[in-house]
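Just below is one structure, and these are the notes that go with it.
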Amino acid sequence: MGKVSFRGMMADMTTNLLPPPITAPARLTPALRDQGHAALSPTGLRELLGTAAAGLDWLRPSWDDLPPDGHLRDGGRYRRRRHSCFIVDGGAVTQVPHRAHWQPIEYNALHGGLERWFEPMHSSVVASPAWTALLRALSAQCSAVKGAQPWYVEAHQFRIDTTDGIGRPTPEGAHRDGVDFVAVILINREGIKGGETRVFDADGPSGMRFTMSESWTTLLLDDARVIHESTPIQPLAADGHRDTLVLTFRSDGFQGPAIA
């Protein structure tokens, strides 16, 4: 479903919404091993979280209180975000002291090499049982594919809006993040067109395109095997925006500038 060539994926944005190819939770690990990506439905994510899933929607209002991203090098005003970091070791989830977000330039040509400081996530969100369960469940999937180990997790709350007439979820373009796994979770999508997700092989031209439209739809990516992006959004109504939670999982510590 939705398979296209890389050249075809660069076609003009459309309001036709191709649904994501959904993977059942029981098939998540084999799908990540076989194809390097898998999408969970909202029901599938809740099944993965178990009893804590009831608290997921309690987290959503926190996206209404994201500060502007002051580091956009394209001059835009369309992105708001918060950022916090955690270590997940088995069932233990530990928030680490607040730190900058940093990526090497080979993974982010637009913002690479820059220490970017963002406001941390609200303590009430981090203390929520649903938040802890989410990090545990997704880290367990990473361990199922690459072996049990501590995971260094960076959490990014994003709101992309249409303040400038157009908003860019991935202003750096199609990219990898320099981590082991990436989870992109749709929180809300309101009054917009565009925002199509595109995933394609890192070493080949084939890929797929789809639009996540239901809250808590979750895309999991093996960052070494696939490249991803989301197309720009445009307004269909006042205050159009797209809210996501992006989690990155790395086995070798957090990314940071090399120490001389």
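The values are calculated or read from the model by the stated rules, or taken from the named source; none is laboratory data. This one's a predicted model, so the numbers in the text were calculated from it and none came from an experiment. As a convention, Cβ positions derive from the backbone with ideal geometry for all residues, glycine included, and neighbour counts pool all protein chains shown.
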Within the range 132-167, the residues that are assigned to a loop (DSSP other than H, G, I, E, B) and crowded, with 22+ Cβ neighbours inside 10 Å are THR162
Of all strands (runs of 3 or more DSSP E) fully inside the range 5-106, the set with 3 or more residues that are buried (at least 16 other Cβ atoms within 10 Å of the Cβ) and at pLDDT 95 or above is 37-40, 79-89
(1) farther than 21 Å from PRO21 by Cβ; (2) of a type in the set (D, E, K, R); (3) in contact with a strand residue (DSSP E or B) (Cβ under 9 Å, 6 or more places away or on another chain); (4) modelled with pLDDT under 95 all hold for ASP164 apart from (3)
Counting only residues that are assigned to a loop (DSSP other than H, G, I, E, B) and farther than 18 Å from ILE185 by Cβ, the range 196-213 contains a total of 4
| query | Would it be correct to say that PHE210 is at pLDDT 95 or above, touching a Cys at 6+ places or on another chain (Cβ under 7 Å) and either hydroxyl-bearing (Ser, Thr, Tyr) or within 21 Å of GLY44 (Cα to Cα) (or both)? | reply | no
Only one of LEU245, LEU219 is outside any loop (DSSP other than H, G, I, E, B), in contact with a helix residue (DSSP H, G or I) (Cβ under 9 Å, 6 or more places away or on another chain) and closer than 29 Å to VAL88 by Cβ, namely LEU245
Among the residues of the range 237-252, the number that are surrounded by fewer than 18 Cβ atoms within 10 Å (Cβ to Cβ) and modelled with pLDDT of 95 or more is 1
What about ASP177, is it modelled with pLDDT under 95, outside any strand (DSSP E or B) and more than 30 Å from ASP252 (Cα to Cα)? no
Practice problem: Return yes or no: is ALA258 modelled with pLDDT under 95, farther than 29 Å from PRO150 by Cβ, of a type in the set (A, V, I, L, M, F, W, C) and in a loop (DSSP other than H, G, I, E, B)? | Solution: no
Result of the Cβ filter at 7 Å on the range 12-33, keeping first residues that are farther than 19 Å from SER230 by Cβ and partners that are surrounded by fewer than 16 Cβ atoms within 10 Å (Cβ to Cβ) and at pLDDT 95 or above, at least 6 apart or interchain, is PRO25/GLU47; THR29/ALA144
Taking the range 204-226 and the residues there that are of a type outside the set (S, T, N, Q) and surrounded by fewer than 19 Cβ atoms within 10 Å (Cβ to Cβ), the one that is farthest from TRP102 (Cα to Cα) would be GLU214
The one condition ASP201 fails out of (1) under 20 Å from PRO30 (Cβ atoms); (2) surrounded by fewer than 18 Cβ atoms within 10 Å (Cβ to Cβ); (3) within 14 Å of the chain's Cα centre (by Cα) is (3)
The condition from (1) in a loop (DSSP other than H, G, I, E, B); (2) more than 17 Å from HIS83 (Cα to Cα) that GLU119 misses is numbered (2)
If we keep only residues of the range 173-196 that are of a type in the set (Asp, Glu) and out of contact with any Leu (no Cβ under 8 Å at 6 or more places or on another chain), then the residue surrounded by the fewest Cβ atoms within 10 Å (Cβ to Cβ) is GLU190
Checking ASP69, ASP65 in turn, the sole residue that is over 20 Å from ALA144 (Cβ atoms) and under 18 Å from the mean Cα position of the chain (by Cα) turns out to be ASP69
